[in-house]
Structure formats: C-alpha cells, structure tokens
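The values are calculated or read from the model by the stated rules, or taken from the named source; none is laboratory data. Everything quoted here is computed from the prediction, not taken from an experiment. Using ideal geometry, Cβ is built from the backbone for each residue, glycine included, and neighbour counts are taken over all protein chains shown. Remember, those area values only see protein heavy atoms, side chains included, never the ligands or the DNA or RNA. Shrake-Rupley method; radii C 1.70, N 1.55, O 1.52, S 1.80 Å.
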Amino acid sequence: MILQRWVFLLMMLLLVAAVTGATANSDVKPGCQERCGDVIVPYPFGIGEQRCAMNEIFFLNCTSTDDGHLELWFGDDMPARNISLLNGTVTVGIFASFDCYDKSGRRSLLFDQSISLGSGFTISETRNVFTAVGCDTTAVVTNEKETFGAACLSLCTRNVTMSKNNSCSGSGCCQSSIPKGLSSLEIHTDSIHNHTDVFEFNPCGFAFLEDIDSLDLSDWPLSRTPADFDTSNVVIEWVAQTETCENAQGNKSSYACGINTNCYYSDNGQGYRCACNEGFEGNPYLEKGCQGKVTDAFSSIKILFIPLLRYT
C-alpha cells in the first residue's frame, strides 16, 4: 500500500513537470518582449532588442502613440496587426490610394500608394484582392519593375448601396487578382470625367488591396472621403530564408529550424519555413521550441507506471 502511494505521488509529480514544461514554453527568446499592444510577436520576429529577432529583416518597432496606445510597425509606415507562425503570414495595415474632385471637376486630393517589401516577404495572391470603389474611377496596379500590371474600371450614374455581398461587377466597384510572388505594388487612381456627373454622391475614387476575409464593402460607401477611413488589412507571406531546404540544412550555424522540426517550402516558392515534427508542438524557429505534447507525456507516464501499480 505504501509503495502504491509513492508510485502515485511520483506519477503526479512527473505529470505536473510535463504540464509545467509545456505551458512555460514561450514563443520568444528568453528575456524578450512577447507582445506590442494587442499583437503577439513570436520569434523569428522580435521587438525591443536586435537579438530578439532572427535577423534585422524580422526586427519590428513598437512605439507609443499620443494616447499611450502601443503600435507595432512592419516597415516604416505599416502597422502590424497579426503574425502567424502556422500560416507564415503577417497582416498589416495599408492606406488606400485615392483621388478627389471639387464640384467644378478640379482635382483636390491625390494619393498614390507604393508598397515595397524586404527579402523573404511577398504579398499573398490567395488572401488579398485588388479593389476599386467609385462611380467614375479607373485604378491601375503594377509592381515596382513593371513586369506586372492590371487595371479595373468602376462606373455608375446613380448612387449604389455598397454591401458586404456586393459582386464588384463594375457598377460602383471593380476587382482584380494579383499574381504570385510580388514583393512590391504601386497603386494609382484616376477619373474619366473628373466626377463632374456624380460629384453630389461620389466625390472620390479609391483603390486598395485587402484581405478577402476582412473586406466589407459596406465600409466603402460612395460618399466616402479620405478623412473617413483607416487602413485596410493586407496579408503578407514570409519565409525563414530564401534558399532550398537542402542548402539551408547543410549550414547548421545559419539554419533557421530548431530541434524536432522539419523544413518545408512555402506556396509562393520564395524559400522555406519550419514546422514541428508530429508529436511535438511549440515554436519551430527557436532552438528548443518544439517539445513533446502534454498528452504524449501523460501516455508515457501511464505506460511506465500502470504495470507497477498492478503488481504492488
């Protein structure tokens, strides 16, 4: 009976150790800041100190706004809103391009958006859609080297109610896809008749890229002006390094994946990412980030001690 109690106590201690080890596992390097405001910042990204990121490409700035709110920045002017290790994505906020006109047809406002990403980052062609809104709006999107270009035309003669289920067929709204692997975009809007025929309900035209899942056209009424909007959500894909798994694994000092991991290629063909092996979980980019699951540890304890309990 005493032996049974000791075995049971030991089993509980080992289980607590397994659970504690799993829950204590962090997605950041020891001593590094885990979040900026509401955004969790997992390694290979890092904030605060350069050592907290895999390299300078993944280092992000966390600043305080005038009202004390913390804002995470991807690049110089794109707020980061979500980082996913599983999907290899970072969602950022980007301002729309626009042009606005007064009643006489004179252009009063113009803003062209230009996006340029660093090595290892591409704009997701499956998650984002290029959209233009307006009753007298032409929108053009190209990449920096002008090896890609697309345009759409949005027209209407009366006010159109923009809704979440709007088909964007060209009446008040139009859409176009982008190709795989783009690391830059330049967006420009223009007008055929300078909004003179539609000024009363549509003084401005807009063009922007946005995550398909978050796009809600009811947020884009034709009466909208630049003062009425924030940034749109754009999904950017990232890879650990822009080389093959074979070459990366041949140089252990720079290989991005930790122990108990495997290397796999991203869908955009730009490089590789890391994932925990089956039966392990955690952050695969940390040296010892992938650990055995709690359920697996508990099963091992049962296998070890149940025979002892049976024969005592």
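Quick look at the values:
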| item | result |
| --- | --- |
| Choice from Pro79, Pro203, Pro30 showing the highest fluctuation, given a GNM over the chain with Cα pairs closer than 10 Å | Pro30 |
| Spin-label pair Gln249/Thr231, simplified geometry with 7 Å Cα→Cβ offset, distance in nm | 3.7 nm |
| Projected-area average for the range 210-257 over all orientations - Cα convex hull basis, square nanometres | 5.7 nm² |
| Cα-centre dipole for the range 99-150 with unit charges at Cβ (Lys and Arg positive, Asp and Glu negative), debye to 20 | 100 debye |
| Lys, Arg +1 and Asp, Glu -1 on Cβ, resulting dipole of the range 143-221 about Cα centre, debye, nearest 20 | 220 debye |
| Share of alpha-carbon pairs per 5 Å distance bin for the range 118-217, given as whole % | 3, 14, 23, 23, 17, 11, 7, 3, 1, 0 |
| The chain, accessible surface, carbon-and-sulfur percent (1.4 angstrom probe) | 52 percent |
| Net length gained if the chain between Ser184 and Asp219 were fully extended (0.36 nm per residue, minus Cα distance) | 10.0 nm |
| Signed unit charges on C-beta, dipole axis of the chain, positive-most listed residue Cys52, Cys204, Ser167 | Cys52 |
| Dipole magnitude of the chain about its Cα centre (Cβ charges: Lys, Arg +1; Asp, Glu -1), debye to nearest 20 | 1440 debye |
| Helix-only mean residue ellipticity at 222 nm for the chain, each DSSP H run of n ≥ 4 adding -39500 (n - 2.57), per residue, nearest 500 | -4500 deg cm²/dmol |
| Identified option (computed Cα extents along the principal axes in Å; candidates [x] 53, 43, 33; [y] 94, 42, 39; [z] 50, 47, 34) | [y] |
| Restricting the range 116-158 to trypsin sites (Lys or Arg not before Pro) in coil, as DSSP defines it, with at most 10 other Cβ within 10 Å | Lys145 |
| Hz values of 3J(HN,Hα) by residue in the range 224-241 - Karplus curve (6.51, -1.76, 1.60), Gly and Pro given as x | 5, 10, x, 6, 8, 10, 9, 8, 9, 7, 10, 9, 10, 8, 9, 10, 5, 8 |
